[in-house]
Amino acid sequence: MDGRWKNRVLCDDAIGRGTSGGEIGQRAREAGARKVYFASAAPPVRFPNVYGIDMPSRSELIAAHRSEEEVGREIGADALIYQDLAALKECVRKLNPKLTSFETSCFDGHYITGDVTSDYLHTIEVRRDAARDSEEDSDGAQMDLNLVTAG
């Protein structure tokens, strides 16, 4: 080992399920890292996005029901640093003062449409779990998206 890895911070855009972070951390240790520090450019992702982005359900999000310290342990990090949501908003406001409100539901659980309830999120999670279970039962068959193109 040549020491290149002894004082490195691994950065990621966001931590969703936590699987890639754990794999990257393990590779860093295999390459000789004595300590693994993770920095996320996003706040903890604790809630699903229901506005068109296919994100994991809450049960799949590593930070949904864990503290930052617990997430760090889960991904094998000696320390974990998340972007602070208030600081992120302030930074964007400094770049463009005309921006006054933000859609940050995946971080804070406040959905801008006002109609996303815990029952709605639970229903989505149940449907997603059922779909995943049926996909696993289909011997690896791909899901048919029934895409239609405009003529």
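For this structure, a couple of remarks:
- Charge dipole (the stretch 60-107, unit charges on Cβ, about Cα centre) - positive-most of Ala79, Ser105, Ala64: Ser105
- Share of carbon and sulfur in the accessible area of the stretch 13-53 stands at 52%, probe radius 1.4 Å.
- The stretch 1-124, accessible area per residue, ligands and nucleic acids excluded (1.4 Å, Å²): 63 Å²
- Each of Asp119, Asp78 has its accessible area taken with a 1.4 Å probe; listed largest first, they run Asp119, Asp78.
- Nonlocal amide H pairs with Tyr82, under 5 Å, H built at 1.01 Å: Ser40
- In sequence order, calculated HN-Hα J values of the stretch 96-101 (Karplus, 6.51, -1.76, 1.60; Hz; x Gly/Pro): 8, x, 6, 7, 10, 10
- Label sites at Thr19 and Asp108, each approximated as a point 7 angstrom past Cα along Cα to Cβ, lie 3.1 nm apart.
- Pairs of Cα atoms farther than 19 Å apart, the stretch 1-118, %: 52 percent
- Counting heavy atoms of the protein chains alone, Val126 has an accessible area of about 70 Å² for a 1.4 Å probe.
- Largest accessible area first, the listed residues Lys89, Lys35, Lys98 line up as Lys98, Lys35, Lys89 when surface is computed with a 1.4 Å probe on the assembled protein chains.
The values are calculated or read from the model by the stated rules, or taken from the named source; none is laboratory data. All figures in this text were calculated on a predicted structure; none of them were measured in a lab. Reconstructed Cβ throughout: ideal geometry from the backbone, glycine too, with neighbour counts over all protein chains shown. Only protein heavy atoms, including side chains, enter the accessible area calculation; ligands, DNA and RNA are left aside. Shrake-Rupley method; radii C 1.70, N 1.55, O 1.52, S 1.80 Å.
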